[in-house]
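The values are calculated or read from the model by the stated rules, or taken from the named source; none is laboratory data. Note that the structure is predicted; figures quoted are calculated from it, not measured. Methodologically, a virtual Cβ is constructed for each residue, glycine included, from the backbone with ideal geometry; neighbour enumeration extends over all protein chains shown.
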Amino acid sequence: MRAYNEIVCNVLENGHLKGNRTGIRTLAVPNQHFSHDMSEGFPLLTTKKMAFKTMCVELEGFIKGITSKKWYQDRKCKIWNEWANPHSVHDEMRSINLMSIAPDDHEAWDRMKKEYQAELDDLGPIYGYQWRRFGETYDCDDDAPVKGFDQFKYIVDTLKSNPNDRRMVCSAWNPNQLSRMALPACHICWVVTVINQELHLHWTQRSCDLMLGVPFNIASYGMLMELLCLEANLKPGNLSGMLCDCHIYENQIAGAEEQCGRIPGKLPRVSISHCPEELLGQFDIFEWTHEFVDLIDYNPQQRIDFGDVAV
């Protein structure tokens, strides 16, 4: 995808160094616009090999509202391995004897925090929870739990009953629950628009790890478009995203320069089957799993090592 490569080259050329919570500085530019016509092919990078099935597993988890790290790991998706609900991490750290760690030994505390983040299963009210149960009380010990709203089902139903509606918006940004999310949502909302029987999707992303995260986000929303179109009998149209803090980490610059110099190849396409036999050929987005999609004619260039995701 030339649109993605152009953004990478722009950040390399015009980015400004800035600090952040990870301790690894970034080259950053604001408000980069990504746009792709789905008729040109499925938006999966060809300038490096992408873990397509991993992306599909994560999207399945979002659609199902999964908050269990083990659920992802059981399906060989390691994206959430280093994260956990901060409240769960704090409770676990407080429950053991920490007298051996000095209060000012920040390295030891940070090391223990990361160990618990890796071990605990609870991811908190992340993307899927917000998509399917927005505003619902997450902590089970609440005296007056609040029932949430299923944003995803609302959009699916509206696409079928009133596709001209202009209020099909799904938000993953819930300020009331940020402190319980394993990681506050990076891609904070998405909007679908139907014009002339074509479905168009736009997402907004506050924080954009351009080399590791954004290619997954592009492909994930491309797959979501394909699924919504099958569900509502529409054609995929334009996929676009606003990348707000668009950045490349300092330790990724060499790899980014290599990728920027590569020429994008022909895009692949996807084939989505109609899921379980009991549906008798009727596609159901709520029953879809990563096992019911195949990638066709994908011929990427060799992998580029960008190291680990900054935590």
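Contact annotation: residue pairs with Cβ atoms under 7 Å, 6 or more positions apart or on different chains, pairing a residue in the stretch 169-185 that is touching a residue at least 60 places away in the same chain (Cβ under 8 Å) and surrounded by 18 or more Cβ atoms within 10 Å (Cβ to Cβ) with a partner that is part of a loop (DSSP other than H, G, I, E, B) and of a type in the set (Gly, Ala, Ser), are 180/124; 181/124; 182/84; 182/124. Scanning the stretch 194-222 for residues being over 13 Å from residue 42 (Cα atoms), touching a residue at least 60 places away in the same chain (Cβ under 8 Å) and not in a loop (DSSP other than H, G, I, E, B) gives a total of 4.
If you check 197, 259, 282 for being among the polar types (S, T, N, Q) and touching a His at 6+ places or on another chain (Cβ under 9 Å), only one passes: 282. Filtering the stretch 30-49 to residues that are surrounded by fewer than 21 Cβ atoms within 10 Å (Cβ to Cβ) and in a strand (DSSP E or B) leaves 30, 31, 33, 35, 37. Has the stretch 263-280 got any residue that is among the hydrophobic types (A, V, I, L, M, F, W, C), assigned to a strand (DSSP E or B), in contact with a helix residue (DSSP H, G or I) (Cβ under 7 Å, 6 or more places away or on another chain) and modelled with pLDDT of 95 or more? Yes: the stretch 263-280 contains one or more residues that are among the hydrophobic types (A, V, I, L, M, F, W, C), assigned to a strand (DSSP E or B), in contact with a helix residue (DSSP H, G or I) (Cβ under 7 Å, 6 or more places away or on another chain) and modelled with pLDDT of 95 or more. Residues in the stretch 1-28 that are more than 22 Å from the chain's Cα centre (by Cα), among the polar types (S, T, N, Q) and not in a helix (DSSP H, G or I): none.
The residue that is farthest from residue 84 (Cα to Cα), counting only those in the stretch 168-185 that are in contact with a strand residue (DSSP E or B) (Cβ under 9 Å, 6 or more places away or on another chain) and part of a loop (DSSP other than H, G, I, E, B), is 168.
Among the residues making up the stretch 52-78, those that are at negative phi, assigned to a loop (DSSP other than H, G, I, E, B) and touching a residue at least 40 places away in the same chain (Cβ under 8 Å) are 66, 67, 75. Scanning the stretch 36-58 for residues that are within 17 Å of the chain's Cα centre (by Cα) and of a type in the set (Gly, Ala, Ser) yields a total of 1. The set of residues in the stretch 223-240 being in a helix (DSSP H, G or I) and not hydrophobic (A, V, I, L, M, F, W, C) consists of 226, 231.
Residue-level check: of (1) under 16 Å from the mean Cα position of the chain (by Cα); (2) more than 22 Å from residue 58 (Cα to Cα), residue 210 misses just (2).
Considering the stretch 190-199 alone, what residues qualify as being on the phi < 0 side of the Ramachandran plot and surrounded by fewer than 18 Cβ atoms within 10 Å (Cβ to Cβ)? Across the stretch 190-199, the qualifying residues are 191, 193, 195, 198.
Within the stretch 128-138, one or more residues are outside any helix (DSSP H, G or I), modelled with pLDDT under 95 and either of a type in the set (Val, Ile, Thr) or surrounded by fewer than 17 Cβ atoms within 10 Å (Cβ to Cβ) (or both).
Checked against the criterion of being farther than 12 Å from residue 234 by Cβ, in a loop (DSSP other than H, G, I, E, B) and touching a strand residue (DSSP E or B) at 6+ places or on another chain (Cβ under 6 Å), the stretch 186-193 has at least one qualifying residue. When we screen 234, 239, 227 for residues that are within 22 Å of residue 32 (Cα to Cα), crowded, with 19+ Cβ neighbours inside 10 Å and in contact (Cβ under 8 Å) with a residue 40 or more places away in the chain, the only hit is 239.
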